[in-house]
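The values are calculated or read from the model by the stated rules, or taken from the named source; none is laboratory data. These numbers were taken from a predicted model, which means no experiment stands behind them. When we count neighbours, we look across all protein chains shown, and the Cβ atoms used for this are built from the backbone with ideal geometry, even at glycine. For accessibility, only protein heavy atoms count, side chains too; no ligands or nucleic acids. Shrake-Rupley method; radii C 1.70, N 1.55, O 1.52, S 1.80 Å.
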Amino acid sequence: MDQQKVYDPFLAWKEMYDKTESYWGKVLGENMNKEEFSQWMGNVLNLNLQYHHALNETTGRYFQQVNIPTKDDVANVASLVINVEEKVEALEDRLDEWHDAQTQDNSALYKRELNKIKTDVKSLEKKLDQVLEAIEQQQQFQSKLQNELQSTLQEQLQQKLQQQNKQLQASFQEQLKLQEQAAAKDTKEPIKAQAPVKETKGQQK
């Protein structure tokens, strides 16, 4: 009696997996090396750049319409505040030097002038504090508005990406079908299953 081979399902599964993996790996590699895939990646990067550019333009236009300062305006105001503080400090230093140089006869006049300057400086500091508070409130409002605009633009970008993904998947599936049809034509010779040999009565005995 001939020794019958034992059927190994794991070996059959492994052979099927190796054939499938080699075929689909080759197909995916060929599709990723095509210009369409690189164009799709380029479109995604362009959409990201357009999103940031549109966000900055939309925010700037809205702030101009509602008379809200932008980041550049806030930076300019901050630099002006710093310059004013430096000038005030320099003026105080000069007044101190002038006070030391003056005689005692002019002390009363100096005190009046100094008190006036101090009151002016205090009022200026109060105004600067109000300006800084207004700038902080505007910055908070600006950040809130920018977040809202960013969320809306992100939703639009996601919709565009989903549409492009659907188009790419459809074209990819069409290419795979065409490749499978081409492969099926190449290997179209069907293998006829051997009919089981009927045992004769003598062989059964």
How do PHE10, PHE141 stack up against each other in accessible area, from largest to smallest, with a 1.4 angstrom probe? PHE10, PHE141
Given a Förster distance of 25 Å, the FRET efficiency implied by the Cβ-Cβ spacing of TYR62 and GLN156, rounded to the nearest 0.05, works out to 0.95
Across the Cα atoms of the range 1-92, what radius of gyration and what greatest pairwise Cα-Cα distance (Dmax) are found, in Å? 33.5, 118
In nm, to one decimal, how far is the TYR17 label point from the LYS127 one, both placed 7 Å along Cα→Cβ? 8.0 nm
Karplus 3J(HN,Hα) series, Hz, for the range 146-155 with 6.51 cos²θ - 1.76 cosθ + 1.60 (x for Gly, Pro): 5, 5, 5, 5, 5, 5, 5, 5, 5, 4
Rounded to two decimals, what is the ratio between the C-alpha radius of gyration of the range 40-91 and 2.2 N^0.38 Å? 1.87
Leaving out ligands, DNA and RNA, what percent of the accessible area of the range 69-161 is carbon and sulfur, probe 1.4 Å? 49 percent
If you build the Cα gyration tensor of the range 37-188 and take the root of 5 times each eigenvalue, what three semi-axes come out, in whole angstrom, biggest first? 70, 15, 8
Residue-wise, which Karplus ³J(HN,Hα) couplings in Hz belong to the range 51-67, taking 6.51 cos²θ - 1.76 cosθ + 1.60, θ = phi - 60°, and x for glycine or proline? 5, 5, 5, 5, 5, 5, 5, 5, 5, x, 5, 5, 5, 5, 5, 9, 6
Solvent accessible area, Å² - GLU174, 1.4 Å probe, full protein context: 120 Å²
Of the listed pairs LYS34/LYS185; LYS19/LYS160; LYS26/LYS185, those with alpha carbons more than 30 Å apart are LYS19/LYS160
With a sphere of radius 13 Å drawn around the Cβ of GLN146, what net charge do the other residues whose Cβ falls strictly inside it have (Lys, Arg +1; Asp, Glu -1)? +1
Once both labels are modelled 7 Å past Cα along the beta-carbon direction, what's the VAL77-LEU176 spacing in nm? 5.7 nm
